[in-house]
Structure formats: structure tokens, C-alpha cells
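Written out below as C-alpha cells is the structure these notes cover.
The values are calculated or read from the model by the stated rules, or taken from the named source; none is laboratory data. Note that the coordinates shown come from a computational prediction; the quantities given were computed from them, not determined experimentally. We place every Cβ from the backbone using ideal geometry, glycine too, and count neighbours over all the protein chains shown.
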Amino acid sequence: MGGSQLALWQAEFTRQQLAGNGIASELVIIKTKGDAMQYLSFDKIEGNGFFTKEIEEHLLSGDVDLAVHSMKDLPTTQPDGLVVGAVSYRENPSDWLIIRKEEVDATGLLKLKKNAIVGTSSARCKAQLLDARPDVQFKDLRGNGLPRPDKLRQGQYDAIILAAAGLIRLALDTSGLEIRQLNSKEFVPAPAQGVLAFQCRSDDFETRRILKKLHHPEVSACTNIERKVLRLAGGSCHLPLGVYCEQDELGNYHVWAAMADAWDAPLRRAQLSSGTSLNLAEKVLEKLTEGR
């Protein structure tokens, strides 16, 4: 696991899940490129997997047997010798817009004042927020030193956008702040947002057998579609792409997607429903790229 506060939560959650199945485990902290480069925004860190590469190297070398990742950080193509053996439950997949009380404009769309300074380092969030509020200004939001809601309280931003899952899992204090939960079907989250991925060596059949006990197949059915759209689009953390999939009680899939060529480029949207996952990701991407 990485060394961030959220990574520590994820690792402890995994340890408890294993313990609940009678499996003892030891936590190993591995610093990643993403942890070390907190002063850079995501779009300035080159390449895929900067939150996962070092951890995967330790897996392949046999130093550790199991890694847990935020699935949205995990590249869609696995390195040779590694496999995602299970996925977790899905925490609230939405993004939250958190606004300083002093900067709330009750008459403004999303309660943002005109020319509000919004903290985010996500090209996806920038593209979708600009589509609704072309007047907003952006300021990068990174770093683990100070909780991000505290940076907002200090007045470094008028508002910030954060994934609900991290806020909920870490129980971060948002008291005294205005929270707008953004509808996942309108402000579309990152593929697999809110889900953890459990990764191991492909030839480690004992660990793979254990991971079957932690697996949530109903979550995997949806994240497989979301991540396939991302893979087909050639995407990484740099791509302004949101994809969210739900499955109804009849087994039908419903997908919402939003994509732009750059964070400040026009946004395109797609919504498709299907009784099967077959070719669904391809159809979503085709709709997103119509008239490009």
C-alpha cells in the first residue's frame, strides 16, 4: 500500500476483511511516485500508474503477497504476472462540492459565486464543472500535509471538489462547510470511483482463492464496463472522462458518461442502457466520440 492516510485506511480495512475470514496479515507501507510528488498536479506527472507502480514491483518480486488500491488509480491493463483478484463494495461514488460558508451564493448555480476559485487537480472535474459554470477559476488541490477541508477553511479556495468515498472513509471534518453532493448521473465520477481493487500475482493461487471471499461480483460487473470505456479511450488520469454504471434489479445495465478532449474543451455526454454488457463499452465510446 501507499503511505497516504487513505491508503492506510484501505490497508487496515483489507486486514480486517482478511481477519474476518480467519487470515492473519501484516501491513507493509510502500511509498509511490504519486505520494512523493505532492507538489505537482496529476496532469504534470507523466505516465500511468504513478500511484501503483512501486507497489506492483514489490508484488512481482515477492516482497508482498497482496496489494490494495483505489481502483480508479489502477491502470486498466495489468502488468504481466499480476491480476486483480477481487474488488470491494462500492462506497458513495459521487463527487462532493464543498463551499466555504462565507462564499456561498444561494442564487448561483451550484451555490457558487461568480468567478469562484475551485480547488481540484482532476481534468475530469474541471471539464464537467466548466460545462455548468464557465466562469469558475481553478487552483490545484494536492498534498497530504493538511486535510483538504482545512485548506478550504483557511481561505485558500472558495470551494473544493472531493470524492465522497475518501471523505466518508476517513470521516473528515466538514463542519461549518456547505456540501453539495453532485449527482453521479450528471457530474459523472471517475471509472470505478469508490471501489477498492485487491491485486496479487497471477500464479499465487492460494491468495487468489482467499480473495474470492472478499469479492463483490455485482460491483465488478459495473466497474468492468466503466474501466473498459476508459481503456478503449486510451485513457489515464490525464483524460477528462467520467463513466458511471448501475445495474437494476432486472440485470439491465445503465451507463452515464462525459468526456472532453481537454479539461477546457467542450464536454460530450452519453447515456445508454442495455440488457447485456456485450459491446456496451464500445457503444458508449462511439456515442462519446460522435462528431468529434
What is the residue count in the range 60-80 for residues that are over 17 Å from ALA7 (Cβ atoms), of a type in the set (Ser, Thr, Tyr) and either buried (at least 23 other Cβ atoms within 10 Å of the Cβ) or touching a residue at least 24 places away in the same chain (Cβ under 8 Å) (or both)? 2
Could you grab me the full set of residues in the range 179-219 that are over 17 Å from ALA11 (Cα atoms) and aromatic (Phe, Trp, Tyr)? PHE187, PHE205
Considering each of GLY34, GLY20, GLY49 in turn, give the residue that is modelled with pLDDT of 95 or more and either within 17 Å of the chain's Cα centre (by Cα) or over 15 Å from SER4 (Cβ atoms) (or both). GLY20
Residue list for the range 55-86, restricted to those being in contact with a strand residue (DSSP E or B) (Cβ under 8 Å, 6 or more places away or on another chain) and among the hydrophobic types (A, V, I, L, M, F, W, C): ILE55, LEU59, LEU60, LEU66, ALA67, VAL68, MET71, LEU74, LEU82, VAL83, VAL84, ALA86
Just wondering, is there one or more residues in the range 235-255 that are among the small types (Gly, Ala, Ser), out of contact with any Pro (no Cβ under 9 Å at 6 or more places or on another chain), under 25 Å from LEU129 (Cβ atoms) and modelled with pLDDT under 95? no
Kindly check whether there is at least one residue in the range 267-274 that is within 17 Å of the chain's Cα centre (by Cα) and either assigned to a loop (DSSP other than H, G, I, E, B) or not aromatic (Phe, Trp, Tyr) (or both). no
When you scan the range 109-217 for strands (runs of 3 or more DSSP E) that lie fully inside it, which ones turn up with 3 or more residues that are crowded, with 19+ Cβ neighbours inside 10 Å? 159-163, 195-201
Starting from the range 169-184, take each residue that is more than 21 Å from ARG90 (Cα to Cα) and list its partners that are part of a strand (DSSP E or B) and not hydrophobic (A, V, I, L, M, F, W, C), counting only C-beta distances under 7 angstrom and pairs at least six apart or across chains. LEU177/ARG100
Applying the selection to the range 229-245, what residues are in a helix (DSSP H, G or I) and surrounded by 21 or more Cβ atoms within 10 Å (Cβ to Cβ)? VAL229, LEU230
Tell me whether the range 81-96 contains one or more residues that are at pLDDT 95 or above, over 30 Å from VAL68 (Cβ atoms) and either surrounded by 22 or more Cβ atoms within 10 Å (Cβ to Cβ) or under 20 Å from the mean Cα position of the chain (by Cα) (or both). no
Considering SER4, SER41, which residue is at pLDDT below 50, polar (S, T, N, Q) and either crowded, with 16+ Cβ neighbours inside 10 Å or in contact with a His (Cβ under 9 Å, 6 or more places away or on another chain) (or both)? SER41
